[in-house]
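Below you'll find the structure, written out as structure tokens, and then a few comments.
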Amino acid sequence: MANEVNHPIAKRKRKQKSMLVPGLIALGMFLFVSFSYYAYQIVYTMNVDTKGREAYVLIPTGATYEQAMDSVEASGVIIDPLSLRFMSKLMDYDKLVKPGRYKLEHGWTNRQLIGVLRLGQQTPLNLTFSNVRLRSQLAAKLATEVEASEQELDSLLSDPAYLKTLGFDTTSVVGMFIPNTYQVYWTITAPELMERMKKEYDRFWNEERKAKAEQLGLTPHQVSTLASIVQAETLKNDEKPRVAGVYLNRLERGMLLQADPTVVFAVRDFTIRRVLNKHLAYDSPYNTYMYKGLPPGPINVPAISSIDAVLNPEKHSYLYFCAKEDFSGYHAFATTMAEHQANARRFHRALNERNIMQ
């Protein structure tokens, strides 16, 4: 037995075993340190580099985990997509996908990013709308801002029964949208958006504004309609109260409003730059050269400045106005037809000189 123990082969095996153990320990320590370092990087190292720009990700309602991760990676700001996916699985994000619009902040780690996504901590957006004339345009504009589709929004804007529950109809509903900046979540549904706009409308029409409308003998709907005409006539805020005063004077006297923008709206040709007799002959309740009083509803979404101009009109005796021949955007006002015709001749001469025929 002693000879076998001291045999050269046995000695070599014992030596190899004694060398193998420390090597395995060293390898294990190396792997542990490497894994720990990689794990630390996955959890705590920056993985979002926005390069100084704002970056957002949109995750639609009903999106799968793969679709959500593809959307995040498509933002172009993820440094290491593989580590992000690894962390997302560790945090069970594949089971907790929530729709929304999320702003990706520069310097975020995987843990911070996935934490926001799995909790559904959306970044609100600033909803605005302007330069809108038709319900269909309004639906299209809103659909570019929120997840709700143009079809969903247009369906509600065109539904008489639904609009009646809000106190509007298909001709007046654009007046429910008060142009302002509203913070909403991208995932707001079409009905939720309509309800939000109704609340904002009710908030806007406070007791003071209602009282001013009543003094003018107008309802809030009628104020919005007149404000839309004022807005179509002039973009100059300092001139809006004077234009509003002209139309209020004409309404008070039972005169036709004879507002060119209502004719353009009736014809539905918004490229018209010069209203001609053929346009004036177009039969429509919106043609204020044919029918007295206000048209059935707004011809655009009037700005707050236009609404307040109607509620706070300039007191004067003007009954007519015509664009100035200098094309400054301002108007020449008149109290008599003769004076107005003289102003109109100057303007039409300027149109002819510029060869503006229609």
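Miscellaneous remarks
- Its relative contact order, with pairs defined as Cα atoms under 8 Å and 6+ residues apart, puts region 193-271 at 18 percent.
- About its Cα centre, region 316-358 has a charge dipole of approximately 80 debye under the convention of +1 per Lys or Arg Cβ and -1 per Asp or Glu Cβ, with nothing else charged.
- Net dipole in debye of the chain [+1 Lys, Arg Cβ; -1 Asp, Glu Cβ; about Cα centre; nearest 20]: 1260 debye
- Residues whose placed amide H lies under 5 Å from that of Phe129, excluding near-sequence neighbours: Asn180
- The share of accessible area on region 112-217 that comes from carbon and sulfur is 45 percent, using a 1.4 angstrom probe.
- Taking amide H as placed 1.01 Å from N in the peptide plane, Met46 has no amide H partner under 5 Å among residues 5 or more places away or on another chain.
- Members of Lys98/Lys198; Lys240/Lys324; Lys51/Lys89 lying beyond 19 Å, as alpha-carbon distances in this model show: Lys98/Lys198; Lys51/Lys89
- Ordering Thr170, Thr64, Ala211 by the projection of their Cα atoms onto the charge dipole of the chain, which places +1 on the Cβ of Lys and Arg and -1 on the Cβ of Asp and Glu, puts Thr64 at the extreme positive end.
- Per-atom-type breakdown for region 260-348 gives carbon and sulfur 52% of the accessible area (1.4 Å probe, protein chains only).
- Structure-derived volume of the Cα convex hull per residue in Å³: which label, when the choices are (i) 129; (ii) 153; (iii) 210: (iii)
- Positive dipole terminus of region 265-358, leading residue within Ala344, Ala303, Phe333 (C-beta point charges): Ala344
- Extending 7 Å from the Cα toward the beta-carbon at both Lys103 and Leu58 defines two label points whose distance is 1.8 nm.
- Cα long-axis angle, helix 337-353 against the chain (0 to 90 degrees, to the nearest 10): 50 degrees
- Excluding ligands, DNA and RNA, the accessible surface per residue across region 149-231 is 49 Å² with a 1.4 Å probe.
- The chain: relative contact order as a whole-number percent, Cα under 8 Å and 6+ apart: 13 percent
The values are calculated or read from the model by the stated rules, or taken from the named source; none is laboratory data. The structure displayed is predicted, hence computed values, not measured ones. All Cβ positions, glycine included, derive from the backbone under ideal geometry; neighbour counts span all protein chains shown. Note: areas computed on protein heavy atoms with side chains; ligands, DNA, RNA excluded. Shrake-Rupley method; radii C 1.70, N 1.55, O 1.52, S 1.80 Å.
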